[in-house]
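See below for the structure under consideration.
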Amino acid sequence: MDINLLGFMPALLPVALSPGASFTLVMSSALAGGRKGLIRTLAGTALGIYTHALLIGLGITAMIISSPATFAVLKISGTAYLLWLGIMLIRSGIRANSVSVTDTKHSVTLKEAWIANVLNPKAIIFYLTVVSQFAGKQGGISNYLTLASVHIVVMSVWLLAVSRTLVFSVKKTNPLMLKKYVNIAGGMLLIAFSVHAVIR
């Protein structure tokens, strides 16, 4: 196995630690669904990362990228999906003032987190251009799955730490106000990611 784990870490950290769609969804789920919501979203994101590893290991990602029409459809679908999730988060945040805490407990499902990750063009490009450089000369599914596992561990540790801080702060703050601001800000970030993907 000629996988380059040491070289992979510096390339991975900026991606895993930067705020993106997964970060936004996890923060919203941690606030709305507590530990269960957090775990569901992390699990869906992890499944998305493993899906990318499998697709690139099987050569399917390269085929998708080589067809401009197919990649354009995927990019539009991913952008529309992030836009829809952003709007849903903003609506949830706006409604947080007018309903009780228990009525606003909708968090992202495992399936929604998985779809958001799989349709994310940034993740596809990252696995094709960056991760493939560290998978060794032969690549292979096992190498990609190993790198994906490292990605998941780094991402999970980071998001668990940040969400724990967020959920802990709920005890000191009005939960409805915190939910309102996190969901509206998170929704706006998802919409911004969608717009950025379109104009890029």
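Just to check I understand the Karplus step: with θ = phi - 60° and J = 6.51 cos²θ - 1.76 cosθ + 1.60, what whole-Hz values come out for region 140-156, glycine and proline as x?
x, 4, 4, 5, 5, 5, 5, 5, 5, 5, 4, 4, 5, 4, 4, 4, 5
What whole-number distance in Å separates the alpha-carbon centres of region 22-77 and region 123-170?
Using only Cα atoms to place each centre, the spacing works out to 11 Å.
Step through the residues of region 64-70 one at a time and calculate ³J(HN,Hα) from phi using the Karplus curve (6.51 cos²θ - 1.76 cosθ + 1.60, θ = phi - 60°), rounding each to whole Hz and writing x for Gly and Pro.
Per-residue couplings from phi come out as 5, 5, 6, 9, x, 5, 5 Hz.
Please list the non-local residues whose amide H lies under 5 Å from the amide H of GLY136, H modeled 1.01 Å from N, same-chain partners needing a gap of 5 or more.
Answer set, sorted by chain and number: ASN4.
Ordering ARG95, ARG35 from largest to smallest accessible area (1.4 angstrom probe), what's the sequence?
From most accessible down to least: ARG35, ARG95.
Run the numbers for ILE60 and SER149: contour at 0.36 nm per residue of separation, minus the present Cα-Cα distance, in nm.
Taking ILE60 through SER149 to full extension adds about 30.1 nm, to one decimal.
The values are calculated or read from the model by the stated rules, or taken from the named source; none is laboratory data. Remember, it's a predicted structure, so these values are computed and weren't measured experimentally. Protein only, heavy atoms only, side chains kept; ligands, DNA and RNA dropped before computing areas. Shrake-Rupley method; radii C 1.70, N 1.55, O 1.52, S 1.80 Å.
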